[in-house]
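**Student:** The structure under discussion is supplied below as structure tokens; questions concerning it will follow.
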Amino acid sequence: MAVRQGWWNAVLIGIAVLPAATMLLIEHAGSSSGADDIDTAPAIVGSIVLHVTSTQPGGVVFASVTISADRPVHVDGIRVDVHDAQGRDRDAAGRTFSLPASGPLDLRADAQTVTQARQIRQPGTYSYVLAYRQNNTWTTLPPYDTFRIA
């Protein structure tokens, strides 16, 4: 008789504890994968209007950059990142193709416009893309485009 009574006690305790344990597991699973816990990065968007003064070596490339974010965010800098057809970011003399960085900037929903310029001394086809820097890391924003110096 004592064996049966111990078995019933275990069943009764299981019946009492199982719903509470189930609720804790459901609550824990819901909070760890819920949308409220996801830290989303701000959406930063930008565009570049490029003008090349001369397609001859030594031509100056002007870029008018418009940039904004879906919420206030601080960036350490922005630049028009330029590479030649081989993917290099500098010429043989060590001069960078990228336009000088601007910033720091506090981005917001209202777009800001920044103008940058750089002389390109070497003929070739160049690709360019808008990039921003946060925490010493440059991030590029698609899409990219190309220009040519003859």
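**Student:** If you rank Val82, Val114 by how much accessible surface each has, with a 1.4 Å probe, what is the order from largest down? Mind dumping the intermediate values first?
**Tutor:** Working: Val82 0, Val114 25 Å².
Correct descending sequence by accessible area is Val114, Val82.
**Student:** Convert each backbone phi in segment 91-103 into a coupling constant with the Karplus relation 6.51 cos²θ - 1.76 cosθ + 1.60 (shift: θ = phi - 60°), then list the ³J(HN,Hα) values in order as whole Hz, x for Gly and Pro.
**Tutor:** Working through the residues one at a time gives 8, 4, 7, x, 7, 6, 7, 5, 6, x, 6, 10, x Hz.
**Student:** Could you give me the radius of gyration and the Dmax of segment 37-150, taking only the C-alpha atoms into account and expressing both in angstrom?
**Tutor:** 14.8, 54
**Student:** Enter the accessible area per residue of segment 75-150 (Å², integer; probe 1.4 Å; all protein chains in place). Provide the component values of the computation, followed by the final result.
**Tutor:** Numbers: 4270 Å² over 76 residues.
Normalised by residue count, the accessible surface of segment 75-150 is 56 Å².
The values are calculated or read from the model by the stated rules, or taken from the named source; none is laboratory data. This is a predicted model, so every value here is computed, not measured. Remember, those area values only see protein heavy atoms, side chains included, never the ligands or the DNA or RNA. Shrake-Rupley method; radii C 1.70, N 1.55, O 1.52, S 1.80 Å.
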